[in-house]
Structure formats: structure tokens, C-alpha cells
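These notes are about the structure you will find just below.
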Amino acid sequence: MGADLTIISPLSWVQEAFKGYFDKVHMSNSSHLTGTYDYGFEPTQGIKDDAALWITADLLIANNAWRARKQLPPLLFKAPPADWLARLPRELTRRSVITAPVSQIRAWTKLPEALGERPWAQLSRGRVLEFRAARRNLDELQRDLAQAPDDSLISINSHVEGIREEWCVIVNNGKAVASCGYCVHLPGREGHHILTVFDGARFHGSYRKIAESLATRAAQTSWIDNASMIVGFRQSPEKDDATEGSEPSNADLQSLRAAMPMAQPLIIEADPVWCTAPYPYQTAEEINAFLKAISDCRIYRNDDGALGKRNGQSVAEADIYIPDPWMVRHAAHRYDRF
């Protein structure tokens with residue numbers, strides 16, 4: 001990646017996490033990577049065309065709305081398609097997944113049978129406070145979507161029992177390049193009591209290779225070359241007390257699966273890398289890979305209108321991040337006074 005990365009976030013811990021990244025990278029390999037930090041209280045100006053950019057989705061919407069008013073080109077990034085999860089093979093998701101517009105959901109008289117009575121539902125591309133990811137029956141779902149735009153896309157997933165652990169895997173160029181345990185679900189609480197890596201959660205180190213293998217397979221199956229994937233594991237192996245930092249005795253994935261028959265991995269979701277949380281990756285190699293994945297998200301429109309990455313690789317129009325209309329409604333006017 002280039003020598004510059006601009007981080008735009010109002011959260012101090014995000015700024016500190018990236019500063020820690022740069023400190024570790026500089027100490028390990030004398031890298032000249034530099035970070036520029038912006039809290040997003042006003043439009044971010046002077047962003048270089050060749051600079052990498054980490055930005056929250058709401059601030060991206062606000063900045064692009066401001067840029068449009070100033071006749072400036074929009075900031076463009078890669079992202080998984082809104083219906084990506086619904087198109088994955090069931091052997092990777094281990095559940096039924098539907099992506100539907102709000103207008104269609106409003107017309108339902110019953111939920112599709114494969115989803116069960118109380119499936120999970122959330123915006124396919126983004127988040128809004130009034131519609132958090134949660135389990136809902138049809139009445140609750142339609143009620144909570146009462147104020148949503150008709151063309152908002154909702155991802156609805158049948159509930160999976162027994163998820164005990166989740167990992168974040170960074171995919172770039174179609175393969176896993178970094179991974180970190182994300183959270184553990186404490187048993188007996190139906191997944192509502194969750195401890196994250198930032199709270200000191202400990203993880204099965206032997207899950208790492210499985211998570212990375214499954215994320216790579218999902219990316220290559222669906223032609224996704226850049227994403228932040230969450231891989232879940234159903235139940236913990238009864239006899240595996242290994243924690244994060246330990247290495248599996250056998251690097252072969254099939255042997256790992258045979259040794260841990262109850263560790264059933266599944267793809268939970270995929271998000272854009274350019275706004276994924278800066279998890280505490282342990283090595284400079286993983287940090288560099290994460291920073292490069294952020295850099296590779298940035299897309300440029302050439303003079304002839306074609307889309308491409310900085311290295312000249314072409315990009316399909318369908319790979320461009322288009323924010324959900326519900327998010328646009330909330331964020332587009334943030335910088336109107338500037």
C-alpha cells in the first residue's frame with residue numbers, strides 16, 4: 001500500500017488502535033507507513049487520490065453528500081454485494097438466508113417457512129439505531145420496519161443454536177490474510193451475553209486455520225476478493241482447552257476437523273474492510289496485510305469512466321459500496337452547514 005492512511009472516526013479507541021498498528025509495524029520492519037487522523041466533526045478535505053482511507057459508513061455518506069454539493073467526485077470503495085450471504089451455498093452458512101426489500105416484507109402474511117418463527121434480521125448494507133440486528137417474529141419485523149424506506153434491503157437469517165465463538169477474518173485477493181478472535185457467547189444465555197476480544201475474551205487457537213480456510217472458500221465460491229468475514233463456531237469441542245496463541249498440532253484442515261467434530265464452522269456475515277474494526281492482530285505481518293486490504297478497497301473512476309484499483313485492476317460496478325437508503329436518510333445531511 002502507499003505511505004498514507006487516513007483514519008476518519010469519532011471514536012478515540014479506533015484512533016489509538018491504528019496508532020498501535022503503526023508503532024508495531026515501524027518497530028518490526030522500519031516501515032515508513034504514516035497515519036493521518038480525523039474525528040469527522042466536519043467534512044474531510046485534502047484526501048489524496050492515492051491515499052488509503054478507513055472511514056465509518058455514516059461519515060462516508062456524509063462526506064460524499066458534501067462532496068456532491070461541491071462538485072467533487074465521490075469516495076468509492078469495494079464491498080460485498082447486499083445479497084452476498086443469501087447466495088452462498090448452505091453448506092457454508094448452515095442456515096437459510098433471504099435478502100428482501102422492505103416493500104416485499106410489508107406484504108408478507110407469514111414468514112417464509114425455512115426461516116423459522118423468529119429469525120435474525122438486519123440491514124444488508126449498514127446499520128441504523130432503530131433497527132438493530134435482532135430476532136423477530138413477523139409482527140415485530142413489520143412493526144420495526146414501519147418507518148423504513150421501501151427499497152431498504154433486509155437480510156433475514158434462520159436462527160442457529162449453539163454458537164460459542166466468532167472470528168473476524170480479513171480476505172484480500174480472494175484469500176484470508178489476517179484473523180482474530182472476535183467474541184465468545186457465554187453458555188446458557190442464548191447468545192445475549194457476549195464477551196468480545198476487547199473485553200479480554202479468550203479463544204481456541206486451533207480455530208484459526210479453520211476460520212481462515214472457510215473464509216477463503218466462501219470468497220472464492222462467490223468471487224469476492226476483499227471483505228471482512230465473521231466465521232462462527234457452533235459449540236466448543238468437549239476436550240479442547242486450547243486458547244488463542246496455541247498452535248494446532250496438525251496443520252492439515254481435515255485432521256483439525258476430525259479432532260474437533262463438534263466445532264462446526266459457518267459464515268455469519270461479510271462486511272467491507274474499509275470500515276471493519278481494528279482488531280488486535282498480533283503480528284506485524286497480519287497488521288500489514290490488514291492495512292493493505294484497506295488500501296485495496298479504494299476505487300477510482302478513470303477519465304473514460306471505467307472503475308479500477310490503484311494497481312490498474314478493473315472493478316465491476318456491482319462491487320461498489322452503495323449505502324442503504326435508510327442510512328442515507330440519517331447521515332446525508334450531517335455536513336449541510338459547511
Taking square-rooted eigenvalues a ≥ b ≥ c of the alpha carbon gyration tensor, is segment 266-338 rounded, prolate or oblate, where a/c under 1.5 means rounded and, failing that, a/b exceeding b/c means prolate? oblate
Which log10 I(q)/I(0) values, to two decimals, does segment 49-124 give at q = 0.25 Å⁻¹ under the Debye formula with one point per Cα? -1.22
Take F22 and R94, extend 7 Å from each Cα along the Cα→Cβ direction, and tell me the distance between the two endpoints in nm. 4.0
Residues R87 and L138, FRET efficiency given R0 of 25 Å [Cβ-Cβ distance, rounded to 0.05]: 0.60
Checked the chain with the C-alpha gyration tensor, a ≥ b ≥ c its square-rooted eigenvalues, rounded below a/c of 1.5, otherwise prolate if a/b is larger than b/c and oblate if not; verdict oblate
Using a Förster radius of 25 Å, what is the FRET efficiency between H159 and D336 based on their Cβ-Cβ separation? Nearest 0.05, please. 0.05
Could you work out which residue, out of A52, A227, A107, moves most in a Gaussian network model of the chain, that is, has the largest mean-square fluctuation with Cα springs under 10 Å? A107
Debye, to nearest 20: dipole size of the chain, +1 on Lys, Arg Cβ, -1 on Asp, Glu Cβ: 360
With the Cα gyration tensor of segment 59-200 in hand, give its eigenvalues times 5 under a square root as the equivalent ellipsoid semi-axes, listed largest first in whole angstrom. 27, 24, 16
Size of charge dipole - segment 108-236 - debye, nearest 20, with Cβ of Lys, Arg +1 and Asp, Glu -1, no other charges: 440
What order do you get for R164, R132, R202 when you list them from fewest to most C-beta neighbours inside 10 Å? R132, R202, R164
Per the rule of 0.36 nm per residue minus the C-alpha distance, extending I194 to E113 adds in nm 26.3 nm
Put +1 on the Cβ of each Lys and Arg and -1 on the Cβ of each Asp and Glu in the chain; which of V328, A227, Y207 then has its Cα farthest toward the positive end of the dipole? V328
For the chain, what is the percent of antiparallel DSSP beta bridges, rounded to the nearest 5? 85
Segment 120-181: which GluC sites (Glu not before Pro) are DSSP loop and have at most 10 other beta-carbon atoms within 10 angstrom? E161
Can you list residues from other chains, or at least 5 along the same chain, whose modelled amide H is less than 5 Å from the amide H of E269? I230
Ranked by Cβ crowding within 10 angstrom, fewest neighbours first, how are D150, D304, D225, D49 ordered? D304, D49, D150, D225
Once you have the Cα-Cα distance between R234 and D50, take 0.36 nm times their residue separation minus that, and quote the gain in nm to one decimal. 62.1 nm
Could you please report the charge total around F233, scoring K, R as +1 and D, E as -1 over all other residues with beta-carbon less than 9 angstrom from its beta-carbon? 0
In what sequence do F233, F77 fall when counting other Cβ within 10 Å, fewest first? F77, F233
Pull up the cross-link candidates among the lysines for K209, meaning alpha carbon to alpha carbon under 23 Å and not fewer than 8 places away within one chain. K175, K239, K292
When the helix-only estimate is applied to the chain (DSSP H runs of n ≥ 4, each -39,500 (n - 2.57), divided by the residue count), what is the mean residue ellipticity at 222 nm, nearest 500 deg cm²/dmol? -8000 deg cm²/dmol
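No lab work stands behind these numbers, since they all come straight from the coordinates. Because the structure is predicted, anything quoted here is derived from the model rather than measured. In this analysis, Cβ positions are derived from the backbone assuming ideal geometry, glycine residues included, and neighbour counts consider all displayed protein chains.
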